[in-house]
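Asks: This structure is in structure tokens; I'll ask about it shortly.
Every number in this text was worked out from the coordinates using simple rules, so none of it is lab data. As the structure is a prediction and not an experimental result, all values here were calculated from the model. Neighbour counts run over all protein chains shown; Cβ positions are idealised from the backbone, glycine included.
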Amino acid sequence: MSPQAIARLVGVGILIFVVIIMASSGTYVVQPGHRGVEVTMGKVSTAFKPEGFGLKAPFITAIYPLSVRQQTAEDKAECYSADLQQIVMQLRVLFRIPESSVVKLFQAYEGEVFESLVSPRVQEALKEVTALQSAEQIVKNRDQIKTRALELAKKKIGTLLVVEDIVIENIALSKELERAIEQKMVQEQEAEKAKFTQLKAQIEADTAIIRAKGEAEAIQVRGAALRATPDFIKLQILQNWNGRSPLVVGGGDSNVLLSLEELGRRAAAPATPARNPTAPRTPTPPQKNR
């Protein structure tokens, strides 16, 4: 092969290589869930690049992707309560970057958005909320603390970022404070139990008094009715009569109330002759032996 042919082949290879380099540096791909920020020789474009394939000026333009998906980051906040107790909270923050803030965040904040913007605002909001509550109230009212801190964090961050939620995974207290809170809660439960027992006994006593008053009033009403209507007693006797006619036998204070059936049985029984205790007994003749 002649030197001219070799030089021609080398030139063609270099040209193909340059074309490949130009093509690769003149195109870009923005992945799903991301938006691209275009920077040309140090100047940031005001419009972001959407998802998909695109062309750009080779070598002088770069495309930086930013995620617009919801992200989750772990964090830790050290706070002090109103009674000057140190509290350590383990957090999980859910946030996302809106499309309208992609370019502005890229220009104004360096590094990770969570570290530079979200975490400081969330910790500041938690410290403001916990400073107004005692350690015991913070433990009991975790949901209220979270809700109030989320509201304050959204106000502090503004529209640059959307903080979806703040999850308080754990609240760490000192061992002495945990024991004190536990003892207080046990005492409160015992006090509530004693109060319930006392209230139950009072209700039972009131119920017994009301029942006794009702029975007394019923007796008074019945007595008044009997005094006002004597025939009512006769009516009660007739309703409870078993169909047997009673009979009074005797006289004076020794009256005996007998029914007619009892009187008939006594009349049908054989009479036993009365014996005079002073009469001499008739001797029984002796029996002869046969």
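Asks: What GluC sites (Glu not before Pro) does segment 52-159 have in DSSP loop regions with at most 15 other beta carbons within 10 Å? Let's see the in-between values first.
Replies: Details: sites: 74, 78, 99, 110, 112, 115, 124, 128, 136, 151; in loops: 110, 112.
Qualifying residues, ordered by number: 110, 112.
Asks: For segment 1-104, which chymotrypsin sites (Phe, Trp or Tyr not before Pro) are both in a DSSP coil and crowded by at most 12 other Cβ atoms within 10 Å? Before the final figure, lay out the partial values.
Replies: Working: sites: 17, 28, 48, 53, 59, 80, 95; in loops: 59.
Qualifying residues, ordered by number: 59.
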